Amino acid sequence: MFYVKKGHFYAVGVGPGSSDLITARGIEVLKNSDLILCPASARSAQSMALKIISPWLTGQKVKEIVYPMQRDAKATWSFWENIALEVAEECAQNKVVSQVTLGDPLFYSTSCYLLACLRDKMQPAHLHVVPGITAFQTVSAHFLLPMVMQEESLLLLPGTDLKRIEAALDHCETLVLYKVGKNLQLVLRLLKQRGLLAKSYLAAYIEQKNEHLVFAPREDLTLDGYLVTLIVKVKSRNWQTCAMD
C-alpha cells in the first residue's frame, strides 16, 4: 500500500496535458503535499504543469520555478542545486514536498537535475518518483499504433541532431523523436529521402487545447512550438526474420 510520508520528496509525472491522465498515486501525493514545485519555462506565460494539476489543488502552497532553457551545464546545475537546498530544508521541517513535471519525471525532465542534487542532501529512502504517462505513449494511443512487437526495438532521441537521427534510422524498428519542432522541416526532408513519411506519426501539444495530429506529414509542414513528438515506424522485425539472422 502506498502512503505519502512527511519529510519526503516526490517527483510526480503529470502526463502530457490532460488532468485526468495523472495517476491515482500522483493525485494522492498532490493532495497531501505541503509545497508543490511547479517548473515553468521563461518562454511561456503560463505553466502547463500547473494548469494540469489545478483540479487537484485544495489550498496547497504552489511555487512556480522559472528554470533556464539554455545549453549551459554549469548554470543549469547551479540553479537546481539551489532549489535542492530549499527542498531539503522544507523536508527537514517534516513537510511533504513534491515537484510536478510534464510526462514522466525521468524523461527529459527537470526532475532529473533536482533528484541528482538531492541525493547528497537527503536520505535516498526519502526520495520518490511517481511515474507519469509520456507524450510518445499518448501519441501511439491516439493513432492506435503499437510501438514494438515481437523482436522489434525502440529508440528515443531529441530531434536536434540530424546526423544522429539519420544513424538511428539504420538501427531500430521504431524511432521516437522529442523536441523536434525547431528542426521539423529538416527532419521531414530526411524522412522523405528515406521513403518514411508514410510511416510517420506526428503530434504537437498532445492532450492539450491546441492539439495537432498528423499521419504521413508533408515535408513542408510547419508548426510553432516546442512540444512536438514524431514517431517513425522504420521497419518490422519478427521472430521469423530474427531466426534467419
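Nothing in this text is a laboratory measurement; each read-out follows from the coordinates by a stated rule. Every value quoted in this text rests on a predicted model; they were computed, and no experiment measured them. Cβ atoms come from the backbone with ideal geometry, glycine included; neighbour counts cover every protein chain shown.
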Using alpha carbons only: equivalent-ellipsoid semi-axes of the chain, gyration tensor based, whole Å: 35, 19, 18
Under the span-like rule (Cα at least 27 Å along the axis, Kyte-Doolittle mean at least 0.0), DSSP H helices of the chain: 73-92
About the Cα centre of the chain, how large is the charge dipole given +1 on each Lys and Arg Cβ and -1 on each Asp and Glu Cβ? Please answer in debye to the nearest 20. 200 debye
Report, ordered by chain and residue number, the aspartates and glutamates lying within cross-link reach of Lys179, taken as a straight Cα distance under 14 Å and ignoring same-chain residues fewer than 8 apart. Asp161, Asp224
Simple spin-label estimate for His171 and Leu145 in nanometres, 7 Å along Cα-Cβ: 2.2 nm
How high is the relative contact order of the chain, in percent, counting Cα pairs under 8 Å that sit 6 or more residues apart? 21 percent
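Using a 10 Å cut-off around each Cβ, can you sort Val129, Val139 from fewest to most neighbouring Cβ atoms?
Lowest count first: Val129, Val139.
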Only four residue types carry charge here, +1 at the Cβ of Lys and Arg and -1 at the Cβ of Asp and Glu. Report the dipole size of region 89-189 about the Cα centre in Debye, rounded to the nearest 20. 360 debye
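At 222 nm, what helix-only mean residue ellipticity would the chain give, in deg cm²/dmol to the nearest 500, using -39500 (n - 2.57) for each DSSP H run of four or more?
For the chain, the value works out to -8500 deg cm²/dmol.
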Neighbour-count order for Tyr201, Tyr113, fewest beta carbons within 10 angstrom listed first: Tyr113, Tyr201
Starting from the Cα of Lys6, draw a straight line to each of the aspartates and glutamates and keep only those under 20 Å, dropping any in the same chain fewer than 8 residues away. Glu28, Asp34, Glu86, Glu89, Glu90, Asp120
So how far, in whole Å, is the C-alpha centre of region 8-59 from the one of region 154-184? 29 Å
Just how many pairs of Lys in region 9-133 have C-alpha atoms closer than 28 Å, counting pairs that are eight or more places apart or on different chains? 15
Pick out, from Thr229, Val148, Gln208, the residue whose Cα sits farthest towards the positive end of the charge dipole of region 136-244, with +1 on the Cβ of Lys and Arg and -1 on the Cβ of Asp and Glu. Thr229
What's the FRET efficiency of Ser236 with Lys51 using the Cβ-Cβ distance as r and R₀ = 41 Å, to the nearest 0.05? 0.60
Qualifying lysines (Cα of each under 17 Å from Cα of Lys233; at least 8 residues distant if same chain): Lys192, Lys199
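Nearest 20 debye, what's the magnitude of the dipole of region 9-133 about its Cα centre given +1 on Lys and Arg Cβ and -1 on Asp and Glu Cβ?
The dipole magnitude comes to about 140 debye.
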Are there trypsin sites (Lys or Arg not before Pro) in region 44-142 that DSSP puts in a loop and that have at most 14 other Cβ atoms within 10 Å, and which ones? Arg71, Arg119
